[in-house]
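**Q** Submitted below is the structure of interest, expressed as structure tokens.
The values are calculated or read from the model by the stated rules, or taken from the named source; none is laboratory data. Since we're looking at a predicted model, the values are computed, not measured. Cβ atoms come from the backbone with ideal geometry, glycine included; neighbour counts cover every protein chain shown.
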Amino acid sequence: MSDLLAGHSRIVVKIGSALLVDRERGLRRTWLESFGEDVARLVAEGRQVLVVSSGAIALGRKLLKMPKGPLKLEESQAAAAVGQISLSRTYSEILGRHGLETGQILLTLFDTEERRRYLNARATIGTLLSLGAVPVINENDTVATSEIRYGDNDRLAARVATMMGADLLVLLSDIDGLYTAPPAEDPSATHIPHVERITQEIEAMAGAAGSELSRGGMKTKIDAGKIATASGAAMIITAGNRLYPLSAIQRGEKATLFAASENPVTARKRWIAGHLSTAGRLVVDEGALKALRSGKSLLPAGVRLVHGTFRRGDTIAVESETGRTVARGLVAYDAEEARRIAGLRSQDLEAALGYEGRAVMIHRDDLVVEGGDEVALTSTVQEA
């Protein structure tokens, strides 16, 4: 296999906890030093590298001598608080040897889902890159709860790649790519070196989480691939447990490359498409579905049911009457108003609202439709 990093100028690299932290010995410093050399070499070549790093909780529980087994929320957050300091200091020391400054960015789900926070985070990270620094990004585990967390850094890395307009996402894992079945369960499983498009067949090949140090698994990596490739970024899954893991990719070591979409969506629609949570749902009729798939806006007349509590500008899901999520978009009405005008024709809106309202429930410029926009909507849709 040829050098899969060739031709890519802005690269997001995600590192899993199991690669960074040994359960018995703590931080795998030798491995991290080799990774730092890889990053420094890529930066010297004129590339921009962003690191999405797991490991804070795993490292913190080792430093605090916490017992094995599941942790309570407050214990995980305490471990993250200790581990994050140690991890950031180590990144700074290792990259500093190569003349690189490191910027720490801690994100929660809301920082990439709420438009204003999204733009602010993007500006901060973009400024770090323009100044030649290497952003090291992690979920803010010290404050995140189940309601406001990603739950895995694969999808966080994909959202960062989308947010920053990266052209490549690299997921360093404990497995060297996608197989036709989980190889630990099926010895006859074969490696897939290239995926042109993520289909239902590809999704069916994903297994469950592998390591106790990791919250992810192949399924979350495929979910990440759907987000990244739809935004125009290619994605690589490869084994990261060898030294100099990025050099290994360039040498042609085994990996799976997921091709980027041929028709990347606009920056605004990339943000909408990548949402992992939504504030509500609209159930629409068949006529509205046909209109959406032909590139038209969603009108109040096509809305049958309104679920959730949301505000104008929130991201909501659009469902068929069979319960399938077919689109996602920024709604033009608060939930209460949406319920009042659901099913009404344009000429009847003013009487229902008491003022001359907008003609559309979701404008086509604020709408991403499954298939119609060449976007694979993320499978996790939860009302916020």
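**Q** Among the numbered criteria (1) at pLDDT 90 or above; (2) among the aliphatic types (A, V, I, L, M); (3) surrounded by fewer than 23 Cβ atoms within 10 Å (Cβ to Cβ); (4) within 28 Å of Gly69 (Cα to Cα), which one does Ala224 miss?
**A** (3)
**Q** Conditions: (1) under 21 Å from Arg251 (Cβ atoms); (2) surrounded by fewer than 22 Cβ atoms within 10 Å (Cβ to Cβ). Ile11 meets all but one. Number of the miss?
**A** (2)
**Q** Condition test on Ala44, is it modelled with pLDDT of 95 or more, assigned by TED's automatic domain parsing to the domain that holds Arg242 and surrounded by fewer than 15 Cβ atoms within 10 Å (Cβ to Cβ)? Full working, then the answer.
**A** On the way: modelled with pLDDT of 95 or more: yes; assigned by TED's automatic domain parsing to the domain that holds Arg242: yes; surrounded by fewer than 15 Cβ atoms within 10 Å (Cβ to Cβ): yes.
Judged against the criteria, Ala44 is a match.
**Q** Name every residue in the stretch 242-279 that is in a strand (DSSP E or B) and at pLDDT 95 or above, in order of residue number. Before the answer, list the steps.
**A** Initially, the stretch 242-279 is screened for residues in a strand (DSSP E or B), giving 255-258, 277-278.
Residues satisfying the conditions are Ala255, Thr256, Leu257, Phe258.
**Q** For the stretch 165-206, what are the residues that are surrounded by fewer than 16 Cβ atoms within 10 Å (Cβ to Cβ), touching a residue at least 40 places away in the same chain (Cβ under 8 Å) and more than 14 Å from Thr256 (Cα to Cα)?
**A** Gly165
**Q** Within the stretch 287-313, restricting attention to residues that are crowded, with 16+ Cβ neighbours inside 10 Å and in a helix (DSSP H, G or I), which residue is nearest to the chain's Cα centre (by Cα)?
**A** Here the answer is Leu292.
**Q** Would you tally the residues in the stretch 89-128 being modelled with pLDDT of 85 or more and among the hydroxyl-bearing types (Ser, Thr, Tyr)?
**A** Looking only at the stretch 89-128, we keep the residues that are modelled with pLDDT of 85 or more, and these are 89-107, 121-128.
The next check asks that each one be among the hydroxyl-bearing types (Ser, Thr, Tyr); those that pass are 90-92, 102, 124, 127.
Looking only at that region, the number is 6.
**Q** Restricting the search to the stretch 98-116, which residues are within 14 Å of Gly274 (Cβ to Cβ) and out of contact with any Ser or Thr (no Cβ under 7 Å at 6 or more places or on another chain)?
**A** Of everything in the stretch 98-116, those that are within 14 Å of Gly274 (Cβ to Cβ) and out of contact with any Ser or Thr (no Cβ under 7 Å at 6 or more places or on another chain) turn out to be Leu107, Phe110, Asp111, Thr112, Glu114, Arg115.
**Q** For the condition surrounded by 19 or more Cβ atoms within 10 Å (Cβ to Cβ), without any contact (Cβ under 8 Å) to a residue 40 or more places away in the chain and not in a helix (DSSP H, G or I), what is the one hit in Gly103, Gly83?
**A** Working: Gly83 fails: not in a helix (DSSP H, G or I).
Residue meeting the stated conditions: Gly103.
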